[in-house]
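S.K.: I am attaching a structure below and will ask some questions about it afterwards.
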Amino acid sequence: MKKLLILGGNSDIGTKIIDKLIVNNKYKLHVHFNKNFPKKKYSKKIEFIKKNLFNINEKNIKKNFDSDYDIIINLVGYVSNQSFKNFTLKEIQKTILINSLAPLFVIRNSINNMKRKKYGRIINTSSIGTKFGGGNSTFAYSLSKYINEFIPGEMRNLSSNNILYNTI
């Protein structure tokens, strides 16, 4: 049974993916959420991880997230509603940490186990805002999702271990 982590599982896309996967017994689901998640709607087969990614750091990633995931889907989507004209350094740092850096640390934490198993799937989500500059109040969000489109060279090299890394 593949161990699958959905980061940002309380998003609209996250709940749709859970609805599709919950009927399939091929996956042991781990669902990360920050708040407002209808846990009662879902099976006891799901392990829930309630964690605000803004309060997470490199040292406590291992404590809060397992390192043995076969599949990681990053759907985290914190939106700070700041325009380019009004963004603050503090808010843009927070948005990038939550949407991009914290998920990268979770992903990095699982790479060695994926290599050992010779299997891994990593999916990051981007945003149409990265192509068109975002909306009037989503500058920080669009920038953080643009970062997710960067694929480190080391990740491309993992394909020889049957580990695929994609951004959609």
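S.K.: Take the Cα atoms of segment 101-157, build their convex hull, and give its volume per residue in Å³.
M.R.: Value for segment 101-157: 76 Å³ per residue.
S.K.: So for the pair Asp12, Glu149, with labels modelled 7 Å out along Cα→Cβ, what separation do we get in nm?
M.R.: Rounded to a tenth, the inter-label distance reads 2.1 nm.
S.K.: Heavy atoms only, probe 1.4 Å: what % of the accessible area of segment 61-168 goes to carbon and sulfur, would you let me know?
M.R.: Carbon and sulfur: 56 percent of the exposed surface of segment 61-168.
S.K.: Give the long-range amide H neighbours of Tyr42: residues separated by 5 or more places, or on another chain, with amide H under 5 Å away, using H modelled in the peptide plane at 1.01 Å from N.
M.R.: none
S.K.: At 1.4 Å probe size, with every protein chain present, just tell me what the per residue accessible area of the chain comes to in Å².
M.R.: Per residue, the chain has an accessible area of 57 Å².
S.K.: What number, rounded to the nearest 500 deg cm²/dmol, is the helix-based mean residue ellipticity at 222 nm of the chain, given -39500 (n - 2.57) per DSSP H run of at least four residues and division by all its residues?
M.R.: Counting only the DSSP helices, I get -9000 deg cm²/dmol.
S.K.: Amide H of Lys3: which non-local residues (sequence gap of 5 or more, or other chain) have their own amide H closer than 5 Å, using H built in the peptide plane?
M.R.: Here the answer is Lys28, Asp70, Ile71, since their amide H atoms fall under 5 Å of that of Lys3.
S.K.: If each of Ile22 and Lys131 carries a label point 7 Å out from its Cα toward its Cβ, how far apart are those two points in nm?
M.R.: Roughly 3.2 nm, to one decimal.
S.K.: Find out how many positive minus negative residues lie around Lys115, taking Lys and Arg as positive, Asp and Glu as negative, among other residues whose Cβ is under 13 Å from that of Lys115.
M.R.: Taking every Cβ under 13 Å from that of Lys115, the sum is +1.
S.K.: Less than 19 Å apart at the alpha-carbon level, and either on another chain or at least 8 residues along: which lysines does that give for Lys45?
M.R.: Lys2, Lys3, Lys16, Lys20, Lys26, Lys28
S.K.: Kirkwood hydrodynamic radius for segment 1-158: how many Å is it when counted over pairs of different Cα atoms?
M.R.: By the Kirkwood definition, the hydrodynamic radius is 16.3 Å.
S.K.: Label-point separation (nm) for Asn161 and Asn55, each offset 7 Å from Cα along Cα-to-Cβ?
M.R.: 3.2
The values are calculated or read from the model by the stated rules, or taken from the named source; none is laboratory data. This one's a predicted model, so the numbers in the text were calculated from it and none came from an experiment. Neighbour counts are summed over all protein chains in view; Cβ atoms, including those assigned to glycine, are modelled from backbone coordinates with ideal geometry. Heavy atoms of the whole protein, side chains included, go into the accessibility calculation; ligands, DNA and RNA do not. Shrake-Rupley method; radii C 1.70, N 1.55, O 1.52, S 1.80 Å.
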